[in-house]
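Colleague: Structure in structure tokens, see below.
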Amino acid sequence: MAGRPRSFDRDEALSSAMRVFWAKGYADASMADLTAAMGINPPSLYAAFGSKEQLFREAVELYQSSESGAFRDAMASATAREAIEAGLMSTAAAVECPDRPNGCLVLMAAAHPDALPKAACNDLSAVRAGTLATLEDRLHKGRDAGEMAPDADLAAMAAFYNTVQQGMVFRARDGATADELRGTARAAMLAWDGLAGLRRS
């Protein structure tokens with residue numbers, strides 16, 4: 001006998017679950033929280049997604065595809081310096097979006113790796129590594145275009161600005177305003193010339 005068709009929109013339910021994980025992380029997002037936000041009962045959740053872990057992993061994929069547009073746009077800026085600054089400023093601007101939780105789902109969930117199933121933890125590690133690699137690749141393109149000294153340590157630069165951005169995310173979760181975060185971004189950009197090996201005349 002064929003099963004009854006689902007009476008809910010799977011994509012909408014996944015989007016709702018993503019926001020619960022974004023706001024609470026993996027461990028603190030209870031099944032009651034998830035099913036209430038998704039508008040379904042536990043059997044329907046398991047039938048559609050298999051498990052809480054699989055639901056979380058799909059939520060991370062959705063987050064990456066739906067929430068990384070500002071970062072992609074920043075990396076497409078004309079120069080490497082503009083790209084890095086735009087990326088930091090987009091992190092600050094995100095605080096002003098009233099319809100989204102503060103912070104970053106990937107970083108918030110990864111803050112307590114022992115609370116995550118191993119496969120989900122590996123997913124988050126891969127996302128973070130990918131972000132760092134994207135930053136370093138953008139810096140390489142800038143150096144190839146003559147925007148930095150040939151001996152500039154691009155790995156160190158990428159790590160520095162990635163660390164600043166992550167710190168801004170956690171400050172946003174703690175209530176920092178967009179203006180405060182923009183100040184952090186501007187302060188970080190003051191280090192650009194030294195890191196890039198540029199000498200002011």
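Colleague: Among the residues of the stretch 68-106, which ones are closer than 23 Å to residue 49 by Cβ and surrounded by fewer than 20 Cβ atoms within 10 Å (Cβ to Cβ)?
Modeller: 68, 100, 101
Colleague: Is there any pair with a first residue in the stretch 174-201 that is among the aromatic types (Phe, Trp, Tyr) and a second that is open to solvent by 40 Å² or more (accessible area, probe 1.4 Å) and in a helix (DSSP H, G or I) whose Cβ atoms are under 7 Å apart and which are 6 or more apart or on different chains, and what are they?
Modeller: So the pair list comes out as 192/81.
Colleague: Restricting to the stretch 84-124, count the residues that are touching a residue at least 60 places away in the same chain (Cβ under 8 Å) and either on the phi < 0 side of the Ramachandran plot or among the basic types (Lys, Arg) (or both).
Modeller: The total comes to 28.
Colleague: Name the residues in the stretch 146-167 that are surrounded by fewer than 16 Cβ atoms within 10 Å (Cβ to Cβ) and either on the phi > 0 side of the Ramachandran plot or in a loop (DSSP other than H, G, I, E, B) (or both), would you?
Modeller: 146, 149, 150, 151, 153
Colleague: From the list 119, 111, 129, 133, pick out the single residue that is touching a Lys or Arg at 6+ places or on another chain (Cβ under 8 Å) and within 30 Å of residue 53 (Cβ to Cβ). Show your work before the answer.
Modeller: Details: 111 fails: touching a Lys or Arg at 6+ places or on another chain (Cβ under 8 Å); 129 fails: touching a Lys or Arg at 6+ places or on another chain (Cβ under 8 Å); 133 fails: touching a Lys or Arg at 6+ places or on another chain (Cβ under 8 Å).
Step by step, each of 119, 111, 129, 133 is checked, and only 119 is touching a Lys or Arg at 6+ places or on another chain (Cβ under 8 Å) and within 30 Å of residue 53 (Cβ to Cβ).
Colleague: I want to confirm something. Restricting to the stretch 51-67 and keeping residues that are out of contact with any helix residue (DSSP H, G or I) (no Cβ under 8 Å at 6 or more places or on another chain) and under 17 Å from residue 27 (Cα atoms), which single residue is surrounded by the fewest Cβ atoms within 10 Å (Cβ to Cβ)?
Modeller: Out of the qualifying residues, it is 51.
The values are calculated or read from the model by the stated rules, or taken from the named source; none is laboratory data. As the structure is a computational prediction, the values presented were derived from the model and not from experiment. Don't worry about glycine lacking a Cβ; one is built from the backbone with ideal geometry, like all the others, and counts go over all protein chains shown. When the accessible area is computed, the model is the full protein with side chains, heavy atoms only, and any ligands, DNA or RNA have been set aside. Shrake-Rupley method; radii C 1.70, N 1.55, O 1.52, S 1.80 Å.
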